[in-house]
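*Asks:* After the structure tokens below, expect a handful of questions from me.
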Ligand SMILES: [Fe+2]
């Protein structure tokens, strides 16, 4: 075991394997070069507002917040697309469930288009699809939501690069400074292995951990397919979080 005990706690700290996450500067993903740090990292303690500030949304979830098929409906109809249930468990480094944490998700519509004023892709907007929602993990750390499968979309990187179908995830933690952000992909999608952003991750097992598994057992009969996506917050098998490439 490579972990060591933290003084004053009964847990084990599992040191992160830094080969698991991609380097910040990966030229195949062009804009990473502009964002990558050019100086060594400095460490700051938490500020008072980070420690004592409010957490958002935990008590304010609406009945449709975890239903992207209906939560933006303009005419009472459902969003267009392959109907899905996406669910999973949020776990800590010791595979213990993390209850009561806010999980947010956002995605393109079935045609691969985001509802965003800077979105320029030619695919049509779906008037009944907003593309975002949120859920709170239950006592066993599970979240779930209904949505439609997002389409692949092109992006200006290498001239003809496409993002595979994916859903963006945020796990809020106890304060904004703890927020973790990642992306979920779909089992069996060949586009995953052609994506320059996915290609920045050197470890195939780390990529596999970002791929949700088709779960026939939890499909909604005559309605929706199910995909399972578990999220590990820390440790050697941490999910890759794109806003914490330096560690979390
Ligand atoms: Fe995206």
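*Asks:* Shape of segment 172-248 from its Cα gyration tensor (a ≥ b ≥ c, root eigenvalues): rounded if a/c is under 1.5, otherwise prolate when a/b > b/c, or oblate?
*Replies:* Cα axes put segment 172-248 in the oblate bin.
*Asks:* Percent of Cα-Cα pairs more than 24 Å apart in segment 32-163, please.
*Replies:* Result: 50 percent of Cα pairs exceed 24 Å.
*Asks:* Most exposed first by the Cβ proxy, i.e. fewest other Cβ within 10 Å, how do 191, 240 rank?
*Replies:* So the ranking, lowest neighbour count to highest, is 191, 240.
*Asks:* As a footprinting exposure proxy, order 68, 102 by other Cβ within 10 Å, with the fewest listed first.
*Replies:* 102, 68
*Asks:* Still on this model: So what's the gap between the Cα centers of segment 172-211 and segment 32-49, to the nearest angstrom?
*Replies:* When both Cα centres are located, 21 Å separates them.
*Asks:* Counting other beta carbons within 10 Å of each residue's own, what order do 236, 60 fall into, fewest first?
*Replies:* 60, 236
*Asks:* Please give the calculated 222 nm ellipticity per residue for the chain, where each DSSP H segment of at least 4 residues contributes -39500 (n - 2.57) and the sum is spread over every residue; nearest 500 deg cm²/dmol?
*Replies:* Rounded to the nearest 500, it is -1500 deg cm²/dmol.
Every read-out reported here was derived from the displayed coordinates using simple, explicitly stated rules and does not represent laboratory data. What you are looking at is a predicted structure, and each value in this text was computed from that prediction instead of being measured. Methodologically, a virtual Cβ is constructed for each residue, glycine included, from the backbone with ideal geometry; neighbour enumeration extends over all protein chains shown.
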